[in-house]
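Structure first, commentary second.
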Amino acid sequence: MQIESLKVFCDLAETESFTKAAQINHITQSAVSQQISSLERQFKALLIERSKKKFRLTREGQVLYDAAKQIVQTFEQLHTQLQELKDIISGTVRVATIYSIGLHALPPYIKRYLQSYPTVNVHVEYRRANQVYEDVLGNVVDIGLIAYPHRDSKIETVMLPPEPMAVICHPQHPLAKSKSIKLSAISGQNFIAFEPDIPTRRAVDRVLREFGVQVVTVMEFDNVETVKRAVEINAGVAIVPLITVKQELEKNTLAAVRVSDADLTRPVAAIYKKNKVLSTAMKQFIAMLKEEQPEE
């Protein structure tokens, strides 16, 4: 029996998906099935109840999972300690991030990270916030990057530098002439919003309610890129993180106006599964994210 087979079994138990377990371990679904069957033959016990309706471990499977998880974590800790003794930083860092962070805030960090640690492979996936949490809990990724983190007893949260937000509008819009405005200035304006289930949308709605500001929501999108395109055609104004409109401001296709009387700062965090053994590469990646935004 190999440690790799126990890890595959643990990943399968946590993700409840042969596809995801195969993805995590860079093997085929068939290989996952073969390794589980091998474990079942070795322990002479059925480990998984094979039903099309629902994935579930048997009692023997749960006992094996509890023990295998400890074995795998001990092995990973040993591997990390040996690497640290040799001052080796290598391996893979798997990251799931919401689009606005991944497309705009993350690239300069990755560039600097790879310059410092060229033997590390950084794999990035772009996901919605709820999917980032699912991927972290399912061990599909090592680290998640999200905005407006919520408490979860199964997750460790590392707060990162917050992102300032601003009202964006077409350069010819009357608000574009101002360097800063009060939030009430957008009252009655056509508004381009994120979809209701996105944390940034919920936070913006909360601030608008606190200040008694009512806007006319004319469009809702699930990503910041489409929000920006709608504002560029003068369909309305929006509130987005400033870092996401850096290129548009340089090209003068959008204008950004700060709000003077409301805190529109967006909290950002790195998350990882509680009790997860972080490799040196992962620790250094998180440490770099805690620093100020590097220049591209």
Two-decimal Rg to Rh for segment 165-264 - Kirkwood Rh, Cα set: 0.91
Which FRET efficiency value, to the nearest 0.05, is calculated for Met159 and Asp261 with the Förster distance at 41 angstrom and r the Cβ-Cβ distance? 0.95
Would you mind calculating the gained length between Gln293 and Val207 on full extension (0.36 nm times residue separation, minus the Cα-Cα distance), in nm to one decimal? 28.4 nm
Name the residues whose placed amide hydrogens come within less than 5 Å of the amide hydrogen of Phe194, ignoring near sequence neighbours (fewer than 5 apart) on the same chain. Phe221
About its Cα centre, how strong a charge dipole does segment 146-258 have in debye, to the nearest 20, once Lys and Arg get +1 and Asp and Glu get -1 at the Cβ? 440 debye
Cα axis of helix 199-210 to longest principal axis of the chain: angle in degrees, 0 to 90, nearest 10? 40 degrees
Order of Thr253, Thr28, Thr280 from fewest to most other C-beta atoms within 10 Å? Thr28, Thr253, Thr280
Segment 3-85 - convex hull of the alpha-carbon atoms, volume per residue in Å³: 89 Å³
Pairwise FRET efficiency - Glu16 versus Lys276, Cβ, R0 = 22 Å, nearest 0.05: 0.75
Using Cα atoms only, what is the angle between the long axis of helix 59-85 and the major principal axis of the chain, expressed in degrees (0 to 90) to the nearest 10? 70 degrees
Residue among Asn25, Thr244, Phe191 farthest towards the positive dipole end of the chain, charges placed on Cβ: Asn25
Can you list the residues, at least 5 places off or on another chain, whose amide H is less than 5 Å from the amide H of Gln214, using H built in the peptide plane? Gly188
Report, in debye and to the nearest 20, how large the dipole of segment 138-186 comes out about its Cα centre when Lys and Arg carry +1 and Asp and Glu carry -1 on their Cβ. 400 debye
Percent of all Cα-Cα pairs per 5 Å bin for the chain, counting from 0 up to the last occupied bin, reads 1, 5, 10, 14, 14, 13, 11, 9, 8, 6, 5, 3, 1, 0, 0, 0
I want to make sure I understand the PRE zone here: with the label point 7 angstrom from the Cα of Ser178 toward its beta carbon, which residues in segment 222-247 have backbone N atoms less than 13 Å away? none
Based solely on its DSSP helices, what 222 nm [θ] is calculated for the chain when runs of n ≥ 4 H residues each add -39,500 (n - 2.57) and the sum is averaged over all residues, nearest 500 deg cm²/dmol? -12500 deg cm²/dmol
Taking Cα atoms, the helix 280-289 axis meets the longest principal axis of the chain at an angle in degrees (rounded to 10) of 10 degrees
Just how large is the dipole of the chain about the Cα centre, in debye to the nearest 20, putting +1 at every Lys and Arg Cβ and -1 at every Asp and Glu Cβ? 460 debye
For the pair Glu195 and Ile233, the simple spin-label estimate (label points 7 Å beyond Cα toward Cβ) gives in nm 1.9 nm
Quick calc: nm separation of the 7 Å Cα→Cβ label points for Ser116 and Glu225 -> 2.8 nm
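Every read-out reported here was derived from the displayed coordinates using simple, explicitly stated rules and does not represent laboratory data. Keep in mind it's a predicted model, so treat the numbers as computed, not measured. When we count neighbours, we look across all protein chains shown, and the Cβ atoms used for this are built from the backbone with ideal geometry, even at glycine.
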